[in-house]
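Please read the structure below before turning to the comments.
Values quoted throughout were computed directly from the atomic coordinates according to the rules given, and no laboratory measurement underlies them. All figures in this text were calculated on a predicted structure; none of them were measured in a lab. Here Cβ is always computed from backbone atoms with ideal geometry, including for glycine, and neighbour counts include all displayed protein chains.
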Amino acid sequence: MQVKTALEVKDLQVFYGDKHVVFDVNLKFPQHQITALIGASGSGKSTVLRSLNRMNDDLARVTGAINFHDVNINDPKVNVYRVRQRIGMVFQQPTPFPMSIYENVIYGLRLAGEKDRHVLDQRVEESLRQAALWDEVKDQLKSSALALSGGQQQRLCIARTLAVQPEIILMDEPTSALDPVSTSQIEDTLVQLKEQFTIIMVTHNMQQASRSADWTAFMHQGHLIEFDKTATIFMNPHEQQTADYLSGKFG
Amino acid sequence: MDDLQKQLTQPSPESHQEWTGKIISSLAIILIGSLVLAILVFLTIKGIALFTDNGISIWRFLSQTDWQPSHQHYGALPMIVTSFSVTILAGVVALPLTLVVAVAITEILPKKMTGLFQPLIELLVGVPSVVYGYLGLTIIVPELQRLFGGTGFGILAATGVLFLMILPTMTSMTVDSLNAVPKQYRQASAGLGATRWQTISRVIVPSARDGILTAAVFGMARAFGEALAVQMVIGNTAVMPKGLIESSATLTSVLTTGIGNSVMGTADNNALWSLALILLIMSLIFNLLIHLVSKKGVA
Ligand SMILES: Nc1ncnc2c1ncn2[C@@H]1O[C@H](COP(=O)(O)OP(=O)(O)OP(=O)(O)O)[C@@H](O)[C@H]1O
Ligand SMILES: [Mg+2]
């Protein structure tokens, strides 16, 4: 099967001050697929993920190329605000802003200058439906987002990211702060979403990676050890380190 | 009764301690409560004596503009107007500046600079008000005199002094409330394509709104009640203010200048107590406002 590449990472290196933490990572993230980044704590998963939409700008020095639609978005001249509209991010902790549900969803659209009520209303419904939250909140769009449960808040954050209509969604352990029921709801949602979006997700949850991801990248101490179809990584890894990690020998 | 039953049911040193503690703290609460109550009752009785004993109507007291105790004219309106003017002006000028400084400290300046600024501001919070009054007297009043002519004393000078005085307190409270905004909001907002400025104006400041308002009300309450520093620069003429650089008087400045010159129990003295009662009522209102604004933040 021939899959298109949504985002290509070439020779990625990341330094926090003098500390070199990501070494020579090369990866092609397939379009309309879910890719999981797995690896032990401190292996550099979040660092790689944050580099993909320039969220490391204030934190770290990132070298190498990140090609998106034939543009190297790691170039200093690139407009990072536009990049982040095309490549959105969902964080570990659900962080709805202290505003209404409605205002939360349209936050990014407002930033982009959208003012048309009809467009906003329509995008709110669409995004909340995509994030599988619409039925639960459609009657309380004007009430505070902080009153929602943790799982609902995280789905709201997903909806907020979707509302900007990005092509790629980066997620850093999006379910690690949630209970099992909310987790499986979000996993179901992700599978729906890959029809329209490319998803790149960091996870510590091996079941989650094997259940929802099409592709899996295994990182160890800042190096990308192996990248392949999820089934291959889990059933038949090529690298000894991958096998050791998955069988719990370290990390 | 066997031994264990005795142990379980009879008083022990621990239960005695518990009792003593309860009694001491109850006594302390009663003492403080009755002190506050006594002050309130005393001030109220003294404050309404002008109306009950000296036959002045409350309405005339609040609405007349003529304050001449020696001629039995007790119109407090000029001081009420002046007090509110200096308070509101100082608050209105201080609020935006506070916000700019606090946002710069929490969001823009590098950590090292913040480390320098914060102790400085906390130091300024502790400076006694007489120092601000003295600054006003030696710098602001002569400057105003040079710029606009006249004496330089008046509402503008008092506003300047109060502004300087409440700025550190308001800034430090505003900094605290901006720092209390969860860090993740900044990340989440940036992740949606917001610039730093958009994040500040659309997420951080609105999230801290209640804290910022509390700081403003707190600052204005301090400005309203300040006596010494104001008295040094306002000119102390108890007339309706005709302009911002005309000598006038606030409730507090009339109180501090007048209280030594009147005899307890006379109408003159009672009139001053009535001014004090207005101050008390206003500070209760300010407290209520602070309570209301900060309560909302929790919900
Ligand atoms: N802001 C930072 N400043 C300095 N060093 C950092 C920073 N963030 C991460 N690091 C270091 O970079 C390395 C990779 O960290 P990273 O957070 O990317 O790991 P991770 O794989 O996401 O770990 P986890 O699974 O615990 O989230 C670690 O050694 C970490 O200490
Ligand atoms: Mg991480």
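Assorted remarks:
- Straight-line reach from B:Lys46: taking Cα to Cα under 16 Å and skipping same-chain neighbours fewer than 8 places apart, no lysines fall in range.
- Backbone geometry of the stretch A:203-216 corresponds, through the Karplus equation with coefficients 6.51, -1.76 and 1.60 at θ = phi - 60°, to 3J(HN,Hα) couplings of 8, 9, 9, 5, 4, 4, 4, 6, 6, 9, 8, 7, 10, 9 Hz, x marking Gly and Pro.
- GNM result for chain A, Cα springs below 10 Å: residue of A:Met219, A:Met55, A:Met201 fluctuating most strongly: A:Met55
- Those residues of the stretch B:202-228 whose amide nitrogen sits under 13 Å from the label point placed on A:Ser144, 7 Å along Cα→Cβ: B:207-211
- Packing-based ranking, highest mean first, of B:276-284, B:134-142 given that Cβ atoms within 10 Å are counted: B:134-142, B:276-284
- With helices as the sole contributors, chain A gives -10000 deg cm²/dmol at 222 nm; each DSSP H run of n ≥ 4 counts as -39500 (n - 2.57), and the sum is divided by every residue.
- Among A:Pro98, A:Ser43, A:Leu162 - extreme Cα towards positive end, dipole of chain A, charges at beta-carbon: A:Pro98
- Label-point gap, in nm, between A:Asp121 and A:Lys249 - each point 7 angstrom along Cα→Cβ: 6.1
- Unit Cα scatterers, Debye sum, the stretch B:67-294: log10 I(q)/I(0) for q = 0.12, 0.16 Å⁻¹: -0.72, -1.07
- Here A:Lys115 is the anchor, and the aspartates and glutamates within straight C-alpha reach of less than 14 Å, apart from those fewer than 8 places off in the same chain, are A:Glu103.
- Rounded FRET efficiency, nearest 0.05, which uses the C-beta distance separating B:Asn179 from A:Asp58 and R0 of 30 Å: 0.95
- Each residue in B:Leu40, A:Leu246, B:Leu275 was given a count of other beta-carbon atoms within 10 angstrom of its own, and listing them fewest first yields B:Leu40, A:Leu246, B:Leu275.
- Qualifying aspartates and glutamates (Cα of each under 14 Å from Cα of B:Lys295; at least 8 residues distant if same chain): B:Asp210
- Amide H contacts under 5 Å for A:Lys194, placed H, 5+ residues apart: none
- Of B:Ser201, B:Ser253, B:Ser63, the residue with the greatest mean-square motion in the GNM of chain B, using alpha carbon springs below 10 Å, is B:Ser201.
- DSSP H segments from chain B that extend 27 Å or more along their own axis, Cα-based, with Kyte-Doolittle mean of 0.0 or above: B:13-52, B:77-103, B:155-179, B:267-298
- Within the protein assembly as shown, DSSP assigns beta bridges of which about 55% are antiparallel (rounded to the nearest 5).
- For A:His220, the residues 5 or more places off, or on other chains, whose built amide H falls under 5 Å of its own are A:Ile225.
- DSSP-defined antiparallel bridges as percent of all bridges, chain A, nearest 5: 55
- Estimated vicinal HN-Hα couplings, Hz - the stretch B:242-249 in sequence order (Karplus 6.51, -1.76, 1.60; Gly, Pro = x): 9, x, 7, 10, 10, 4, 9, 8
- For A:Asn67 and B:Gln118, a Förster radius of 51 Å and the Cβ-Cβ distance give a FRET efficiency of 0.70, rounded to the nearest 0.05.
- Calculated mean residue ellipticity, 222 nm, chain B: -23500 deg cm²/dmol, from DSSP H runs (n ≥ 4) at -39500 (n - 2.57) each, averaged per residue and rounded to 500.
- Too-long pairs where the Cα-Cα distance tops 25 Å, listed order kept, from A:Lys10/A:Lys77; A:Lys4/A:Lys45; A:Lys4/A:Lys229; A:Lys19/A:Lys229; A:Lys77/B:Lys183; A:Lys45/A:Lys194: A:Lys19/A:Lys229; A:Lys77/B:Lys183
- Structure remark: mean-square fluctuation, Gaussian network model of chain B, C-alpha springs under 10 Å; the largest value among B:Leu120, B:Leu213, B:Leu62 belongs to B:Leu120.
- Using θ = phi - 60° in the Karplus curve 6.51 cos²θ - 1.76 cosθ + 1.60, the 3J(HN,Hα) couplings for the stretch A:69-76 round to 6, 6, 10, 7, 6, 8, 6, x Hz; x is entered for Gly and Pro.
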